[in-house]
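Beneath this line is the structure, given in structure tokens, with notes to follow.
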Amino acid sequence: MELIVSIISGVCLLAGSFLVLSGVIGVIRFPDFYTRIHAAGVTETLAASLILIGLMLIAGWGIVLLKLILILLLVLFTSPTASHALGKAAWKSGLKPTNLKQRNEDRN
Amino acid sequence: MISHLPILQVIIPLLGAPACLLLNRPNLAWLFSILVSVLTLITSIALLMQVQAQGTISYMLGGWEAPWGIEYRIDFINAFVLVIVSALGAITLIAAKDGISKEIAEPKQPLFYVSFLLCLAGLLGITATGDAFNIFVFLEISSLATYTLIAMGDDRRALWSSYQYLIVGTIGATFILIGIGLMYMMTGTLNIHDLAERLPAVTASNAVLASYAFILVGVALKLALFPLHFWLPNAYTYAPNIVTVFLAGTATKVAIYLLIRFNFDVYEISAPQFKYMINMVFITLGIMAVIIASWTAIYQTNIKRMLAYSSVAQIGYMILGFGLDSVSGLQASLLHLFNHALMKGGLFIALTAVALKLGKVELDDLNGLAKKMPWTFAAFVIGGLSLIGVPLTVGFVSKWYLVVAAAEQQQWYIIGFVLLGSLLAVIYIWRVVEAAWFKPPKELQNAAGNVTATTSREAPVLILIPLWILILANIYFGIDTRFPVSISQQAAQLLFGGA
Amino acid sequence: MLFSIYGLISASFFMSMDAVDVAFTEAAVGAGVSPLLMLATLASVGRYQKKPTDPEIPKVALLLVIITGILLIIGTLDMPAFGAADAPAHQHVAPRYIKESPEEIGIPNMVTSVLASYRAYDTLGEVVVIFTAGIGVLSLLNFRRRRRNIHLIDDIIAIDEHKILRIVSKILIPPILIFGLYVQFHGDFGPGGGFQAGVIFAAAIILYVLFFGVKYAHQVVNQTFVRVFSAIGVLLYGSVGVVSLLNGKNFLDYHVLAENPTTAQHIGILVIELGVGITVACVMILIFFSFIENIEKVIQELRK
Amino acid sequence: MALIITTITLLVVIALALIRAFAGPTVFDRILAGNLIGTKVVLIIAVMGFLFGRPDFLDVALTYALINFISVIGVLRFVEITRRSREEDKS
């Protein structure tokens, strides 16, 4: 039983790591702010949840679990909000998404 | 309560400051801070008497033993500096009211008194403590309060000079902190007494030398030692007048005390060549400070700035005595510390009175002013004589001891430079005296309405009283030299004998 | 923003050096509040900035930095290796803290027992430093007394209708405050204490101001309130010392507070941490309000 | 094992995000990177707490999560507010 739990937690952690990594690659590689925020915002919530769930599985019952749940809740609350606020602020400030078609044509 | 004097000394102003903030009425705050500072003065005098009676006092804060808890360690040197600082604090505050109500906007006046008390507490804390890190903490308090005080000056440039001082002061404080950290790394203790015992074991290491260098440079920045003095004239010139009085009398004194403490108590550099080199550096810097700063002072038209340069020169004298590295040299330094506080305090208060009348202290505006403000300018003349070092004033006493100390080591050229410094002092003091007493009053060409301000005669009593207290002290201690001489001698012997 | 990242990263650095309390402080101060305050400064002075005129100064500064760096490296060359058990720093004072503090103070978090009891006086000094900084900012910036009710900045805040953010922060603020209390009173057992709690509290208030405007925030905590309480925090801390003085013990000797020495230490630490928390929170809020008022002043001048 | 891999990945991610923070180009990109690093630091602290067997690290992680949010939002608001007052300045 313990083995199974630790395997599941390991899988969760690794999946989380993968998502985090893919997210940051997106943040670096993507052409403009809105695509970047897409890469970061979308992966972030799931990745954080997966990692925290992985930790919860090995934590066992107790105050540690409670704290992890609190962190998870907090992340679930704040990170989409922050992404939203960022996107909105950027939009309102007049930042326009890059027109990819346009750019490709320019390049050619 | 008697056994708690060391801590009362510091916490009275320290806790008085927030209490003062609660009052929030300028006059109430003023009265309250006078009460606080007078209590502090009484404590410090009682403390000095106690030290004279029973030797070094050690006070364990929180009841924890010395190297684990923080220790207050009062010996002759501390007690002496504590009296100087708290006395000047009390005297300045008495004189503060008129100047402050003119120079600082009303809602900010309580804040001024709060900062003043904090600065006082910080300086006293640096002096009283026997713990290296505690020194840093109180250094921060006093520095922050000082920046605030300077920035309150009504000239726009006060902000700039305060900022300049802030940068320099922060660098200095950081250096001191690095030095303390390195020392802790090498010895595992922060208590100064403990450090002094444990440092000789590791004194050959680079880390200790580096920490020595850091602390030396850090303190020298705070001290306005000659090449690092550039912040001082600006800070003194644009600060509110009263703040200049206080700073000139105390801040550099406490820095000198720190230098003495670290140099003679904590670090015992064993290699004689190294020690000789350090002393030579001190002597050279001291001489350069005396000559160059006095020379610069002659060319100043703003009298506050002139006296500020003169302060840099006086610091040079103290460093000179210090670099002689003998009991009598150190005694001369300590004496000058005391005496300089008296005379510069007096001179700057006199300037406060002038500034209260004129709004500024340019040399040209002083013409003939002595006839209108005879008491103020009589005080200025006596203070100036003292600064020059004329017999029967305190200035003579400390210079005499300095000359004797130099003669002891047959460093005749030092005597020459001291005399030259005095001559330069004669010139810059004479310019003021001449303008005030002997030149005809200048016709006031500004709008007729303003003339009334200058026709009123003498400075307010609240300024004259502290002014003349200081000036009379100048003469009294110049004639009856027993008190400062005996104490400074004991202190100097303690530093050399105890180390 | 880079500053805030620096704070975050250095905090994880402290973390890996096992200095949880330092990391905690860095997390709260370095990453959270200091960039906020810095930005507030920028917002209020940004329009006056000029290019530095003297090209010589950076060179001199660079030279100084290099000299200092060389000196530091020389100094650290023969320093004991990091983590070496025989380093003098681990030989003299520190072992006693580690050995005796559980018995003498009776709380598990040793950092707290050093800060709040063995070296409580230093901590008092630090609190006063913060208080002094608050006074400094107040005396430099806070010019206005009149026209309290006009809050131009509120208009600006109200223009952006961040509905989602408003709701989320409305939900978040109470838990943040409760968490602040937890940190405040949990300092004996885990990392935390008055400094961090104060900053968390202040951060919550700042968050509130950013979305709901100064007017509403002033209804909860106004300038006078913050001013008074920043002083009261220091006085509370000091009063513990005065109580021990009045009972004939040395300043800040907690043993007078109860019969049982560890209980006494507990009470003492709780009270002084409370004092620290109050002062820190109030000074942070005070500085923030002062900056806001300054920004308002700038806006007012512009409108004229 | 998985814990160690996760830690390393997170460290790499922070390093990569730093590139974005320095590269910009807009202020929002930097804030985004800051936010990203913030959440990653929260995770890394939590994971390291387990790695070292010191669960009190979680308190710090919790503080981080809070403070990170507040500071990101705060920075954002200041950017907006200064921008708006500057626009007023021009008009």
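Give the angle, between 0 and 90 degrees and rounded to the nearest 10, that separates the Cα long axis of helix D:27-52 from the longest principal axis of the Cα atoms of chain D. Tilt of helix D:27-52: around 20 degrees. Each Lys or Arg adds one and each Asp or Glu subtracts one; over the other residues with Cβ under 12 Å from the Cβ of B:Ser162, this totals +1.
Is the shape of segment D:1-81 rounded, prolate or oblate, going by the alpha carbon gyration tensor and its root eigenvalues a ≥ b ≥ c, with a/c under 1.5 for rounded and a/b larger than b/c for prolate?
Judged from the Cα gyration tensor, segment D:1-81 comes out oblate (a/c at least 1.5, b/c at or above a/b).
Separation of segment B:291-365 from segment B:39-61 is 29 Å, based on Cα centroids.
Checking a compactness column here: for chain B, what do you get for Rg(Cα) / (2.2 N^0.38 Å), N being the number of residues? If you can, show how the numbers build up before the last one.
On the way: Rg = 21.7 Å, N = 499, 2.2 N^0.38 = 23.3 Å.
Against the empirical 2.2 N^0.38 Å value, I get 0.93 for chain B.
Is any helix in chain A, taking whole DSSP H runs, at least 24 angstrom long along its axis by alpha carbon and on average at least 1.6 on the Kyte-Doolittle scale, and which ones? Once both thresholds are applied, what remains is A:2-29. What the Cα atoms of segment B:263-351 give is an Rg and a Dmax of 15.0, 48 Å.
Among the listed pairs B:Lys253/B:Lys399; B:Lys275/B:Lys399; B:Lys102/B:Lys371; C:Lys215/C:Lys297; B:Lys304/B:Lys360, give every one whose C-alpha distance is greater than 19 Å. Beyond 19 Å between Cα atoms: B:Lys275/B:Lys399; B:Lys102/B:Lys371. Put simply, the amide H of B:Asn191, placed in the peptide plane, has neighbours under 5 Å in B:Ala132, leaving out anything fewer than 5 places away on its chain.
Neighbours of B:Trp64 by Cβ distance under 15 Å: Lys/Arg scored +1, Asp/Glu scored -1, total -4. Cβ under 14 Å from D:Val75's Cβ, D:Val75 left aside: what net charge do those residues give with Lys, Arg +1 and Asp, Glu -1? Once all neighbours under 14 Å are counted, the net charge is +1.
Grab the DSSP H runs of chain B that are 4 residues or longer, score each as -39,500 (n - 2.57), total them, divide by all residues and round the 222 nm result to the nearest 500 deg cm²/dmol. Numbers along the way, then the final one.
Values: 21 runs with 376 residues, N = 499.
-25500 deg cm²/dmol, from helical runs alone.
Loop sites here are GluC sites (Glu not before Pro) outside DSSP states H, G, I, E and B with no more than 15 other Cβ atoms within 10 Å. The longest part of chain B free of them is B:66-267. With θ taken as phi - 60° and the Karplus curve 6.51 cos²θ - 1.76 cosθ + 1.60 applied, the whole-hertz 3J(HN,Hα) list for segment C:259-269 is 5, 6, x, 6, 4, 4, 4, 4, 4, x, 5 Hz, x standing for glycine and proline. Here the dipole of segment B:1-159 is about 360 debye; that uses its Cα centre as origin and unit charges on the Cβ of Lys and Arg (positive) and Asp and Glu (negative).
Distant-in-sequence amide contacts of C:Phe251, defined by a placed amide H-H separation under 5 Å and a gap of 5 or more residues or a different chain, comprise B:Gly62.
No lab work stands behind these numbers, since they all come straight from the coordinates. Bear in mind that the values here come from a model prediction, so they are computed numbers and not experimental data. With ideal geometry, Cβ positions are generated from the backbone for all residues, glycine too; neighbour counts draw on all protein chains shown.
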